[in-house]
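What follows is a single structure, written as structure tokens, with notes after it.
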Amino acid sequence: MIVHRDLNDLPDFKNAVVTIGSFDGVHQGHQSIIEQVRQIALRYGGESVVITFHPHPRSIVFPKDTSLRLITTTEEKIELFERYHVDHLVIVPFTVEFSQMSADEYIEKFLVEKFHPKCIVIGYDHRFGLSRQGDIHYLRWHCERFGYEVIEIEPRQVDDMTVSSTKIRKALENCEVKVAAHLMGHYFPLSGVVVKGQQIGRTLGFPTANIELNERFKLIPPDGIYAVKVWINAQQYRGMLYMGTRPTLKQYHNRTIEVNIFDFNQDIYEQKITLELVDFIRHDQKYEQLSDLVKQLEQDKIAVEKVLLEALDEDLGPLEHFPKVAVVILNYNGRAYLQRFLPVLFNSTYPNLEIIVADNASTDDSIEFLEEYYPQLRLIELPENYGYAGGYNEALAQVKEVDYYVLLNSDIEVTSGWIEPIIQIMEKDQNIGAAQPKIMSFEHRDTFEYAGASGGWLDTLGYPFCRGRIFAHTEKDTGQYNSTCEIFWATGAALFIRAELFHNIGGFDQDYFAHAEEIDLCWRLKRAGYKIVVRPQSVVYHVGGGTLSYNTPRKTYLNFRNTLYTIYKNESASKLLWLLPLRLMLDGLAAGLFLSQGRLDHIRSIVQAHWSFFPKLSALRKKRREAAARVEKCRIHAENHQGRYPRSIAMDYYGRRKRRFEEL
């Protein structure tokens, strides 16, 4: 798109198809006009020309009227017109002299002499000339004389509502940000320059970029907190916008516009920044204590994260290309599961897919079965049973030239189209390192499955739980966790991960053998600044315990030992000083619970787990250093804490009787 600002320096347009207007908001009605202009220009072999004005005509015609509020500034309109593939944008300097043109002069001296239009496309309510005397009928009255065609565009209807800039302004003034975006066909933009502030946000733990607007007539929505997308140098970030007078801070009363940009720590003073308002979170309010304000901001950030991930669902279009995906099943004596679930897996609709079975030295007839019935499948035979962690490390080292790995348990039944939603979101957001589908119970198909449910979380003491499963309590799925959102860890039962990243971060820790290795892996990714997400639009059904029983002493041993490994490798040194002794005490309480149930062999497993952990602290220190070095090499942002629960899940579950994730 070529932008012209000087009427005396315009090119000779070829078969110009022209439209004229203020185009405030560049909403869906305007977009209909622009698309019509483009289509007609293509038909005539001509050029599409959009004519708009700066400053806004009303500010010149009625200079004392201070009520003018613009949805979009001129610079914001330029960026929007660029999206809609206009050939030429002419920004006419609107002056008092220009406003005094009669309708006849406007047509002859302005439109015809400057643009030589082949066709003029205008909206149903377009007016021009002194005292707005010209309209579509006036244009048509002159069309034979000057040789142009006039086409009128009817008002655009969205959900039975006529789109207009007035309705959009009203929606924004009522905090109905999503309604405004729906009518516009894009988010409401807010642009300005980053200026120095008082650094108050930084002291509260929420550093902000203070924004100074460059258009005095720009419409500003009501004070409060908003979820926003942040554009800096053509890069998009996520953020939490505050607009208001900071009533909790008694020494400050001026209105401020500032944004907390997530996962961002660059110096951007004096740089241009554009915010896109996605949704309104809450109104501004006063708090008695700063600590109360901080707690509220923490809750606001959680709400903003959820809104932005849901908005990502809405923004995602169809996959433009299909990166190579390898589904890798690690099998150990799972012939029955392979026979039952491979046929469904081979019905997957994703086109660029390779299905691989890595056999962990099975002693049943798994290999013979695969060779006879699935000769087209790639089979990797491992020389011994390396467990889950080691088995996948060994197998994936042999799976090259793919973009994504999907680590799939053999006891999982997939559903149609289960791969596409996750690859779609990971292709859209390169900061997502790993993801999982919604994991449902194979036996009770309306209930979440223990191993992953709708995404894994981790409490402040290092105990894992899930959206839809806390300890042994699994919830029925009523759609309560259907939003795509960030989590802390993705289940190893159906783990999507970028192939190159898996190797760069160090893969799984083979000492784990099985259980919690995916939490350790995801934690390292989070430390490097990556996101882990759950994409509930993808659904699989898990037998659960089919590859490693949930209720055996062996499982208890691996659970307690590997959880200790994980927190030691990933928590800060200062936190470990008090966390390890506390975990020793809490694990003792867990042993007491097993004692009350008469499960003495599980008590023995807990003791063995601790005896296995503490003597290995020296070796684990080395692993901790090695992991930290890999994390730094893979770092893309500051550590990502989304999905950490700031309380004790055990205290909430047993003490406060919280059984459902949504109750936390």
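The packing ranking of peptides 436-446, 378-388, 559-569, 654-664, highest mean first, is 559-569, 436-446, 378-388, 654-664, where packing means the average number of other beta carbon atoms within 10 angstrom of each residue. Beyond 23 Å, what share of the Cα-Cα pairs of region 228-376 is found? Please give it as a whole percent. Value for region 228-376 (Cα pairs over 23 Å): 61 percent. Peptides 2-15, 447-460, 506-519, 359-372, ordered by how many other C-beta atoms sit within 10 Å of their residues on average, highest first, read 447-460, 506-519, 359-372, 2-15. Extension gain for the segment Asn254 to Leu213, taken as residue separation times 0.36 nm less the Cα-Cα distance, is 13.3 nm to one decimal. Over all directions, the projected convex hull of the C-alpha atoms in region 325-663 averages 16.5 nm² in area. Distances between every pair of Cα atoms in region 371-448, grouped in 10 Å steps from 0 to the bin holding the largest one, split as 12, 36, 39, 13, 0 percent. Here each label is just a point 7 Å from Cα along the line to Cβ, and for Asp403 and Leu319 those points are 0.8 nm apart. When the C-alpha to C-alpha distance is required to be over 32 Å, the pairs from Lys229/Lys295; Lys229/Lys622; Lys295/Lys569; Lys295/Lys531; Lys14/Lys272; Lys272/Lys438 that qualify are Lys229/Lys622; Lys14/Lys272; Lys272/Lys438. For the chain, the longest principal axis of the C-alpha atoms and the axis of helix 290-315 are separated by about 80°.
Could you state the angle between the C-alpha long axis of helix 573-596 and the longest principal axis of the C-alpha atoms of the chain, as a value from 0 to 90 degrees rounded to the nearest 10? The angle comes out at about 60 degrees.
Would you kindly give the portion of the calculated P(r) for region 453-606 that falls above 18 Å, as a percent of all Cα pairs? For region 453-606, the fraction of Cα-Cα distances above 18 Å is 63 percent. Charges were assigned to the Cβ only: +1 to each Lys and Arg, -1 to each Asp and Glu. The resulting dipole of region 132-236 about its Cα centre is roughly 460 debye. Peptides 590-597, 59-66 ordered by packing proxy, namely the average of other Cβ atoms within 10 Å per residue, highest first: 590-597, 59-66.
Annotation: extensible slack from Gln608 through Asn233 equals 129.5 nm (criterion: 0.36 nm per residue apart, minus Cα-Cα distance).
Tell me the mean residue ellipticity at 222 nm calculated for the chain from its helices only (DSSP H runs of n ≥ 4, each -39500 (n - 2.57), averaged over every residue, nearest 500). The helix-only estimate for the chain comes to -10500 deg cm²/dmol at 222 nm.
Modelled label positions at Asp6 and Thr166, each set 7 Å beyond Cα in the direction of Cβ, lie 4.0 nm from each other. Dividing the radius of gyration of the alpha carbons in region 491-579 by their Kirkwood radius gives 0.99 for Rg/Rh.
Net charge dipole, region 1-95: roughly 260 debye, given to the nearest 20, about the Cα centre with Cβ charges of +1 for Lys and Arg and -1 for Asp and Glu. Treating r as the C-beta distance of Ser574 and Glu105 and R0 as 56 Å, the FRET efficiency rounds to 0.15.
Here region 568-653 was treated as a single set of alpha-carbon atoms; its pair distances binned every 5 Å from 0 give 3, 10, 15, 20, 17, 16, 10, 5, 2, 1 percent.
Available extension along the chain between Thr349 and Ser67 is 96.0 nm, counting 0.36 nm per residue and deducting the alpha carbon span. Taking K and R as +1 and D and E as -1, what net charge do the other residues with C-beta under 13 Å from the C-beta of Ala619 add up to? Neighbourhood net charge equals +4.
The ellipsoid that matches the Cα gyration tensor of region 2-158 has semi-axes, each √(5λ) in whole angstrom, of 22, 19, 16, with the longest given first. Phi angles across region 252-264 convert, under the Karplus curve 6.51 cos²θ - 1.76 cosθ + 1.60 with θ = phi - 60°, into 3J(HN,Hα) values of 10, 9, 6, 6, 10, 10, 9, 10, 8, 8, 6, 6, 8 Hz, Gly and Pro given as x. In this simple spin-label model, placing a label point 7 Å from the Cα along the Cα-to-Cβ direction at both Val112 and Tyr373 gives a separation of 8.2 nm. Global dimensions of the chain from alpha-carbon coordinates: Rg and Dmax equal 30.6, 100 Å. With the gyration tensor restricted to C-alpha atoms of region 187-315, the semi-axes of the equivalent ellipsoid amount to 21, 18, 14 Å, longest first. With R₀ fixed at 30 Å, the C-beta to C-beta distance from Asn504 to Lys196 puts the FRET efficiency at about 0.20.
Quick note: the coordinates plus some simple rules give every number you see, no bench work behind them. Everything numeric here is computed off the predicted structure, so don't read it as measured data. Here the Cβ is made from the backbone with ideal geometry for all residues, glycine too, and neighbour counts use every protein chain on show.
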